[in-house]
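Visitor: Got a structure for you, written out below as structure tokens; questions coming shortly.
The values are calculated or read from the model by the stated rules, or taken from the named source; none is laboratory data. From a predicted model like this one, the values you see are computed outputs, not experimental measurements. Here Cβ is always computed from backbone atoms with ideal geometry, including for glycine, and neighbour counts include all displayed protein chains. SASA here: full protein model, heavy atoms, side chains in, ligands and nucleic acids out. Shrake-Rupley method; radii C 1.70, N 1.55, O 1.52, S 1.80 Å.
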Amino acid sequence: RQRVGDRSARYHLHDQVPVAVGRGAEVVHRDDARVLELAQRDDAYGFYHAAYDVRRALPDDPQLRQAWNDFTFPVPLVKSEPPGAEVLAKGYNAPDDEWISLGRTPIEDARFPRGTPRVRIVKDGYARYDGTLTLFAINAVLQPAASVPEGMTRIPLGTGTNEGQTFTVPDFWMDRFEVTNRQFKAFVDAGGYSKREFWKEPLVEDGRTLRWEDAIGRFRDRTGRPGPSTWELGSYPDGQADFPVAGISWYEAAAFAVFAGKSLPSAFQWRRAGDFNGPSAVYSDIVLHSNFGMKGTVAVGSMGGIGPFGQYDMAGNVKEWCWNESRDGRMLLGGGWNEPKYMYEDRDAQSPFKRLETYGVRLVKNIDPQPEASYAVVPPFMRDFSLVKPVDDAGFSIMARLYNYDHGPLNPRQERVEDAADWRRE
């Protein structure tokens, strides 16, 4: 707080403004004052958007130059394969701002807004690259538009960590958005609940495999027709075609994946896409633009919560079924609209038959084979205290002092008493 205050105090609104060629002094003065006002308010994203053109008109203004250096950071090199792609940027917390063009790749010493910028890279004939930036170099590998599965984004090779296990996760495609009601309705209308070929996995409850004919009857909507638990009369609520499908079990999610020609993600793929431990992590920003509103689902992508590689709504809205089993059932990640924000990063697992109103799905397509072990049962990550070496007495004495406090009188006093019909407040 003090540091920010000290810095912003330097950006006082001055009277003498250099005259820029091609612009009226009055306009320059007005714009400069507005830009420095944003710097005073510590609005990094607003400052970046407003200052980008003004700083070119006032290259010698010392206060503007200082503010620009304070509220942006440099990326030494922005490349793409192939080159010649246009690079656009804006602040993460300014999703409705217009994109600012930084030029065409390769770009040296590009400056992005302090914090987490949104980045877009476009080139004719290639799929648009969307994502976020916290790295200090960009080398975007653009995909020919015709090669990209519809509605999917490429997650690059990296590591995925879950419950203390880490796997190298090869490139794969992931849905940009959660599966919507509209998409799931196609499965229902195609007889998805009556065609056994979509239901590849044994339906197991308490260690006992159920007959498919008996178990399929559990997957009914509120009016007894086949479908998610949140639907009625075999369909979703009016106006919610583009909301995520909710109220489906793991088995329904797996059957829909077969119907769609895709797969449920492993928990390690899901965690890799969120990049929770990597340099592109956007945990603190994405939860502010995700649906944790406690009022129900919203249309996919409508809140602007984009992940590192162009996928939306991994935080909030609905939780997403993953392939892996664990001690408590199948893994279910991401946090739902009625949960606290920290559930985005937390791990959860539930019975594969469970169909709560926050349970949905997002699918993947593998480009290269994933590690077979990454689909195995995930044991809970627990510290084994039997393997921990106790500290000696001297070490314990040091640790115990951390819990010392000064014993003394608390000196309580009763300041006010309020009597009500059902309680007394002191």
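Visitor: Between a first residue in segment 210-224 that is closer than 24 Å to Tyr236 by Cα and at pLDDT 95 or above and a second residue that is acidic (Asp, Glu) and loosely packed, with under 15 Cβ neighbours inside 10 Å, which pairs have beta carbons less than 9 Å apart while being 6 or more apart in sequence or on different chains?
Guide: Within 9 Å, the pairs are Ala215/Glu205; Asp221/Glu232; Arg222/Glu232; Thr223/Glu232.
Visitor: Regarding segment 326-336, can at least one residue be identified that is within 27 Å of Arg222 (Cβ to Cβ), free of Cβ contacts under 8 Å to residues at least 40 places away in the same chain and under 9 Å from the mean Cα position of the chain (by Cα)?
Guide: No: zero hits.
Visitor: Same structure, new question: Is it the case that segment 2-22 has a residue that's among the small types (Gly, Ala, Ser), modelled with pLDDT of 90 or more and within 24 Å of Asn93 (Cβ to Cβ)?
Guide: no
Visitor: A further question on this structure: Can you list the strands (runs of 3 or more DSSP E) found entirely within segment 34-131 that contain at least 3 residues being free of Cβ contacts under 8 Å to residues at least 40 places away in the same chain and either basic (Lys, Arg) or touching a helix residue (DSSP H, G or I) at 6+ places or on another chain (Cβ under 8 Å) (or both)?
Guide: Ranges flagged: none.
Visitor: From the list Asp242, Asp238, pick out the single residue that is in a loop (DSSP other than H, G, I, E, B) and over 23 Å from the mean Cα position of the chain (by Cα).
Guide: On inspection, the qualifying residue turns out to be Asp238.
Visitor: Next question. Based on what the data block shows, is Thr116 polar (S, T, N, Q) and more than 28 Å from Ser284 (Cα to Cα)?
Guide: When the stated conditions are applied, Thr116 does not pass them.
Visitor: Quick one: how many residues across segment 283-298 are buried (at least 18 other Cβ atoms within 10 Å of the Cβ) and either more than 10 Å from the chain's Cα centre (by Cα) or among the polar types (S, T, N, Q) (or both)?
Guide: 5
Visitor: Out of the residues in segment 74-103 that are of a type in the set (Ser, Thr, Tyr) and more than 23 Å from Asp42 (Cβ to Cβ), state the one that is most open to solvent (accessible area, probe 1.4 Å).
Guide: The residue in question is Ser101.
Visitor: Looking at Pro265, Pro228, Pro202, Pro244 in this structure, which one is in contact with a Ser or Thr (Cβ under 6 Å, 6 or more places away or on another chain), touching a residue at least 12 places away in the same chain (Cβ under 8 Å), at negative phi and not β-branched (Val, Ile, Thr)?
Guide: On inspection, the qualifying residue turns out to be Pro244.
Visitor: Check Phe71 against each of (1) open to solvent by 30 Å² or more (accessible area, probe 1.4 Å); (2) at pLDDT 90 or above; (3) closer than 23 Å to Asp42 by Cα and name the one condition it does not meet.
Guide: Of (1) open to solvent by 30 Å² or more (accessible area, probe 1.4 Å); (2) at pLDDT 90 or above; (3) closer than 23 Å to Asp42 by Cα, only one is false for Phe71: (1).
Visitor: Still on this structure, I have one more. Just need a number here: residues in segment 189-220 that are within 22 Å of Gln350 (Cβ to Cβ), charged (D, E, K, R) and in a loop (DSSP other than H, G, I, E, B).
Guide: 3
Visitor: Sticking with this one: Sort through Ala257, Ala215 and tell me the only one that's in contact with a strand residue (DSSP E or B) (Cβ under 7 Å, 6 or more places away or on another chain), open to solvent by less than 50 Å² (accessible area, probe 1.4 Å) and of a type outside the set (Ser, Thr, Tyr).
Guide: Ala257
Visitor: Still on this structure, I have one more. Which strands (runs of 3 or more DSSP E) sit wholly inside segment 310-426 and have at least 1 residues that are surrounded by 10 or more Cβ atoms within 10 Å (Cβ to Cβ) and at positive phi?
Guide: Per the criteria, 329-333.
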